[in-house]
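First comes the structure, then the notes that go with it.
The values are calculated or read from the model by the stated rules, or taken from the named source; none is laboratory data. Model, not experiment: these values are computed from the prediction. Heads up, the Cβs are rebuilt from the backbone with ideal geometry, glycines too, and the neighbour counts pull from every protein chain shown.
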Amino acid sequence: MSNFINNTLEKKTGLDLNHDGFVGGEKNAEKQYGVDFNGDGYIGGEGIASKIERTTHVDLNNDGIIGRPLDTYPGGYGAPR
């Protein structure tokens, strides 16, 4: 798989597909520091399984939750008003 295709897939899914320690060719700072920098509610990205569950509205892993709960919650310090 070419680097461009792999990096694009990694950026879209939020997963380190080739296990090189980088997501999309860049070190994942959210996971490294444990901070939600982009404000999506997930530290390091939501993940493909959760995205599929949300899209299909089906609990694929039988955990009783569609998708996955947010890692952070809106309204904290520095939240948009």
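General observations
- Test: I43 is within 20 Å of L17 (Cα to Cα) and either in a loop (DSSP other than H, G, I, E, B) or among the aromatic types (F, W, Y) (or both): yes
- With respect to (1) loosely packed, with under 13 Cβ neighbours inside 10 Å; (2) at pLDDT 85 or above, the lone exception for E53 is condition (1).
- Close pairs (6 angstrom Cβ cut-off, 6 or more residues apart or separate chains): closer than 17 Å to I48 by Cα and modelled with pLDDT under 80 in segment 1-30, acidic (D, E) and in a loop (DSSP other than H, G, I, E, B) anywhere: V23/D16
- For P80, the test of being of a type outside the set (K, R) and modelled with pLDDT of 80 or more is failed.
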